[in-house]
Amino acid sequence: MIDRRLDYELYRGIREGRRLPALCFVKNNADLRYLEEKYNVVSRFPFIRAVGVELDYKGAIELSSSPYVEYLTCQPKVTTLDDESKESIIDNTYLYDSVVEALGIETKLTGRGVTLCIMDTGVNTHSDLSIPRQRIKEFYDVENHLDYPYDDNGHGTFV
């Protein structure tokens, strides 16, 4: 029986015998160490409590039934808008290298000084966004005109 924590698209791909890149979300950051010891972790996303792993059928079934795992899903493929032939798994370097080349940057990008604006249903002060420091710089609710962070839908916090 397939656990509900295993994304159907991932299940379908590995059932056909393919080995696929997947994102494995865990219940807490301490569980990331368990996965790194036992599985072939190819990328780390501690900010969202996830790791990228290469999975076959046996590994996916085993992971989806692990008490440490919240959810397993396919790792999406990303393409640039102008050239769909240059597709990349999201943690590969193609898009990064393309941006660096296009901007003529010769140093490694760090993200320092970059602020993002997300317009959605709101945002809760989730620990991923507030520990070790508060990352929500500004908040404004257009409908209710509130200026403190909250999310009455959940979608914005997920995004």
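Odds and ends about this structure:
- A 1.4 Å probe run over the range 1-63, with the rest of the protein chains in place, finds 60 Å² accessible per residue.
- Rounded to the nearest 10 square angstrom, Tyr57 shows an accessible area of 100 square angstrom against a 1.4 Å probe.
- For the range 1-80, with all protein chains in place and a probe radius of 1.4 Å, 51% of the accessible heavy-atom surface sits on carbon or sulfur.
- Sites Asp147 and Glu70, calculated FRET efficiency, Cβ-Cβ separation with R0 35 Å, nearest 0.05: 0.65
The values are calculated or read from the model by the stated rules, or taken from the named source; none is laboratory data. For clarity, every value in this text was computed on a predicted model and none was experimentally measured. Methodologically, a virtual Cβ is constructed for each residue, glycine included, from the backbone with ideal geometry; neighbour enumeration extends over all protein chains shown. Just so you know, the surface numbers come from the protein's heavy atoms only, side chains and all, with ligands and any DNA or RNA stripped out. Shrake-Rupley method; radii C 1.70, N 1.55, O 1.52, S 1.80 Å.
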